[in-house]
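Okay, so here's the structure we're looking at.
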Amino acid sequence: MSKFEVGVRVEVLDDAIKGYILKLGDRSATVRTTDGFDMEFMFDELVVINDDSSLKVSNIDVYHALSEKESKIKKRSFVKKKKEKQVPAMEVDLHIEKLTAKSKSMTNFDILNLQLNTARGQLEFAISKRIQRVVFIHGMGEGVLKSELHFLFSRYDCISYYDANYREYGLGATEVYIHQSAL
């Protein structure tokens, strides 16, 4: 412990306290701090500081130290998650004028059957081609076609259905979601 002598300038390791040694004990020293307080510290808590306590470091030394530190740190790679693209839904317009040109001579029963057969065929096509979303545009009307479509959709275990986006379709459309895992 010969490095510690009365009058030697010291600094405390775990604190921002500097001063000089006033008195030495067996395992400790009394230090008068730069603020004028006398405090006792164990020898292993003190470090002797030289009179030229200014630290001289060049920019090159800083650069080398930083590059060495960065090379030791394992760089984390961030994998940018791809946003799932919202695949546009397949649209099936069930208005009779879109399905046939001979609607004038058809009865309401024939029109409804053609619309339901078209819906069933398009739904089967979407299921076979693994299309997840289908929007059936049925219009407002009296709700007969809508209720028949809902009855048709309820027969399938692999689909769920709900009113389509109001902003896009208004009240006259039903969207069907086909669960691919069930297929």
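Say we look at region 158-178 and pick out the residues that are acidic (D, E) and outside any helix (DSSP H, G or I); which of these is surrounded by the fewest Cβ atoms within 10 Å (Cβ to Cβ)?
D163
Among (1) surrounded by 14 or more Cβ atoms within 10 Å (Cβ to Cβ); (2) under 17 Å from L99 (Cα atoms), where does N117 come up short?
Among (1) surrounded by 14 or more Cβ atoms within 10 Å (Cβ to Cβ); (2) under 17 Å from L99 (Cα atoms), N117 violates only (1).
Residues of region 88-119 being β-branched (V, I, T) and either within 15 Å of G143 (Cα to Cα) or outside any helix (DSSP H, G or I) (or both), which ones?
V92, I96, T100, T107, I111 - these are the residues of region 88-119 that are β-branched (V, I, T) and either within 15 Å of G143 (Cα to Cα) or outside any helix (DSSP H, G or I) (or both).
Please work out if S154 is hydroxyl-bearing (S, T, Y), surrounded by fewer than 15 Cβ atoms within 10 Å (Cβ to Cβ), out of contact with any Phe, Trp or Tyr (no Cβ under 6 Å at 6 or more places or on another chain) and more than 20 Å from P88 (Cβ to Cβ).
When the stated conditions are applied, S154 passes them.
Checking R32 against (1) at pLDDT below 70; (2) surrounded by 10 or more Cβ atoms within 10 Å (Cβ to Cβ): exactly one of these is not met. Which one?
(1)
Residues checked against (1) touching a residue at least 24 places away in the same chain (Cβ under 8 Å); (2) over 19 Å from V87 (Cα atoms):
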{"residue": "F125", "(1), (2)": "no, no"}
{"residue": "R133", "(1), (2)": "yes, no"}
{"residue": "E142", "(1), (2)": "no, yes"}
{"residue": "Y156", "(1), (2)": "yes, yes"}
{"residue": "S160", "(1), (2)": "no, no"}
{"residue": "A164", "(1), (2)": "yes, no"}
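The values are calculated or read from the model by the stated rules, or taken from the named source; none is laboratory data. Keep in mind it's a predicted model, so treat the numbers as computed, not measured. Virtual Cβ from ideal backbone geometry, glycine too; neighbours counted across all protein chains shown.
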